[in-house]
Each structure stands twice: as C-alpha cells, then as structure tokens.
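What follows is a single structure, written as structure tokens, with notes after it.
The values are calculated or read from the model by the stated rules, or taken from the named source; none is laboratory data. These figures come from a predicted structure and were not determined experimentally. Counting neighbours? That spans all protein chains shown, and the Cβs are built from the backbone with ideal geometry, glycine included.
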C-alpha cells in the first residue's frame, strides 16, 4: 500500500493516545473490582461504546466473506446476530447484572457447582482466545509497514499487553471508547468515496456474480442455518457478560444493547457493501487485491485521499485492537479468577489474584499466538472456535437461567464435554475428508455444531433425570 507520511502520522498519534491511556489509567485501579469491572460504574455511553467496539474485531473476516459471497455476509454476520442480541437484551441482560458476579464460570458455579466452573472455564478460555484478531493485526501491520506478519503480530500484542496489564478493564473501556470513534468514522468514510469513483448499484450488478446480489449467496440452507446458530455465541460470550456485570445499574445493559444494535446495523451495511465493491472493482480489472481478507485495505487505498485514508486505516486497527485487548483480559480472568482463585487457591488475596491476572494476560496472548499459526483464514478460526465453545456452553447456561427445577452438576459437566467432543470429532473427520474444492465433508452432511448441540442437550436431559431420581 502507498501510505503518505501524514497517514502514518495519524496512525502514530493513535498509538501515542493508547500509550498515554495505559500510563495514566493505572491510578484508577484500587482493587480487583476496578481491575475486572471498572468498579461496576459503566454509564450508558461507555457501555455502548465498549460493547460495539469489542464485539466487532473481525473486520478482515467480514471483508473475506463479503468479497467472496456478497450479501449473504449481512445475513449470516448481521441479521441472525441482531435477533440474538435482542433476545439477550430482553431476557438475560438485567438478570446478569443483578447476579453481581464477574464471569460466566461464576454463573455456572452458582447454577451447579465448582466442577461446572472448572470445565466451563476451559471452554470459556477457548472462546475468548484473541487468536483470530491477533492474526488480523499481523496482516494489517505487515501491509502497512512492509514487515513480516509475525513482526506485526508481535508488535501489536506487546502494545496491548502493556496497557491491559497496567489498567485492566479501566484501560480496556477507555481505549475502547477511543477505538469506537475511530472505527465508526473510518468505516463511514469509505462508502461515499467508493460510490463516487466506481458508481452505484449498476456497477455492482454488472461486475459481480449474480449470487453476490442474492441474500443467500448461493449457500445451502444448512450452511446458512449453521452460521445462524453461531450467532448464539452471543449468549455465552464473556464480553457481553463482563459489560453487563460492570454496568452502573440494572437498566443500562438492556438499553445499551438495544442502542448497540443500531450501530452494528449501520456498520454491517457499510462493511458488506465495501467488500462487494472491492470484488466488483477487482472483477472489472480496476483494483488489485492480494487476497479476500485484505480487500478492505485494497479498496481503501484506491478511493480515499491522504488524511482520510489515515483515519480509515486507524479505524481498521482500532476495530481489531479493541477486541484483542478485551479478549486477552477475559482469558486472563479465566485463569486467575475462575481457576486460580475459584478452584486451586480459594483463600488467595486480591493482591495475589491481581498479580496472577497480569501473568495470565501474557499466557493468554501467548496461547493465541500459537493458535493463530495453525490457521490461514480468519473465518475458519471463528467457525472452529465458535463451534466448539457454543456446543459446550449453550445448553448448561440457558438451562441455568431458564429452568427453575433441580439441576444436576454432573449433567452440566457431561453435557459440556459431550457437546464439545462431538463437534470436535465432526470437525476433525470433516477436514480429513476434503472434496475437490477443498471443503470438508462431514458425516451425513451435518455441520459440526448441530450434532454437538444435540448431544449436549440429550446428555444433559438424561443425566439430570437419572441423577435427580436417585436423589429422590
């Protein structure tokens, strides 16, 4: 990419602001509640900004989907998710805030026991690995600065570790607010300039495959539905829970999520059409694109003038980094709060727990780096990690919230293991049997999440009935 000095200056200014926030915010941390939940004092604007920015770290993955398949990106990465967000806002958000806990494994222990906390913490850790977003950072920095991807990954990770260790969730929300502003402004800039250069819908209709302009994108119904099921990630996402726990009062989570849906809708419209314009310009021979995952970078450098390009690129970095820092902290909390404090050292002090959290931030980032090395697609990482985590956690979490009868902890533990194990088995066997296009061929044509969730539910119901009968 050809990036001017002034654009590099804007990017540099953003990193200076992050450094200042990381340096200053440590003064606000006086205990574990401050470090984990910003003292449970999130106001509505901060709640919305941190939720919107954290939940949208996969911008390059969305670019990959919309470039390759068109409007189906909005259906699978937007519409289905709005429905689940709405369910979360109406039926879960206030319950979570009133529970006054810290993490999803806290909820599992309240519903069941410490064994459920332990197993749930493992799968929770898998779901919050920032690997897909660290991978994205590596791609972005390698293109911006002409360095090897691993150097970009290392730089971004070290920078995030610095301010996250110092300020915990306070650093997270302050940087998220800054990142929210950059990401919303950045993605809004590109659409009018793209239309001005390439034209309106006629340009898309002439230069895109017909499937790109249909809502299904040529996908099978089963494939669309399995991506729809992945939207249930929201119901077991630690980031959503953390922000609900941290809200100033019980009313903020519901209002905040409803407002956030509007921002996500606008953001999704812009990102989907940006990816489609990149594909159309590429097909017309007007744009050089290295890969689908980098299509946003290609079209931005083609249509945006200096300064505005710098703002867009900074918004792109901010979108990814806002998720990396949040997920890194959440993964560290899994280790320090849910396992170290919750299981192995229940009598540890707040000081010891906070020290373990800081160590765990480095461990979480290191684990994510290793995971990122095994994939070459952001979408593939989403799909794999989401499938395993949702298959494990969805049934015991929803049963805990909505079933008031007696519940067996053994049923919870076995359902998590059975659900994740079944999905993992399906994934492995599918990737061992690829078709001529390189697509995995699953048993009976079923996507792995279906049998995983079904097995989790069956095991929970059967074990719970047997266990409850034995207990009289």
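Details
- Single match in 79, 125, 88, 155 (criterion: within 22 Å of residue 227 (Cα to Cα), without any contact (Cβ under 8 Å) to a residue 40 or more places away in the chain and part of a helix (DSSP H, G or I)): 79
- Against the conditions (1) touching a helix residue (DSSP H, G or I) at 6+ places or on another chain (Cβ under 8 Å); (2) modelled with pLDDT of 90 or more, residue 296 satisfies every one except (2).
- Taken over region 170-210, the criterion of being surrounded by fewer than 16 Cβ atoms within 10 Å (Cβ to Cβ) and over 22 Å from residue 307 (Cβ atoms) is satisfied by 199, 200, 201, 202, 205, 206, 209, 210.
- Against the criterion of being touching a residue at least 60 places away in the same chain (Cβ under 8 Å), more than 17 Å from the chain's Cα centre (by Cα), assigned by TED's automatic domain parsing to the domain that holds residue 104 and closer than 19 Å to residue 54 by Cβ, residue 357 qualifies.
This table checks each residue for (1) more than 24 Å from the chain's Cα centre (by Cα); (2) part of a helix (DSSP H, G or I).
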| residue | (1), (2) |
| --- | --- |
| 289 | yes, no |
| 294 | no, yes |
| 301 | yes, yes |
| 310 | yes, yes |
| 316 | no, yes |
| 320 | no, yes |
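- Among (1) in a loop (DSSP other than H, G, I, E, B); (2) touching a residue at least 40 places away in the same chain (Cβ under 8 Å) - the single one residue 404 does not satisfy: (2)
- Filter result for residue 428 (assigned to a helix (DSSP H, G or I), in contact (Cβ under 8 Å) with a residue 40 or more places away in the chain, under 30 Å from residue 64 (Cβ atoms) and out of contact with any strand residue (DSSP E or B) (no Cβ under 7 Å at 6 or more places or on another chain)): no
- Exactly one residue out of 383, 431 is outside the structural domain of residue 107 (by TED's automatic domain parsing), farther than 30 Å from residue 470 by Cα and more than 21 Å from the chain's Cα centre (by Cα), and it is 431.
- Any chance residue 240 is at pLDDT below 95, under 20 Å from residue 177 (Cα atoms) and buried (at least 24 other Cβ atoms within 10 Å of the Cβ): yes
- Top-ranked residue of region 448-472 - restricted to ones that are at pLDDT below 85 and outside any helix (DSSP H, G or I), ranked as surrounded by the fewest Cβ atoms within 10 Å (Cβ to Cβ): 472
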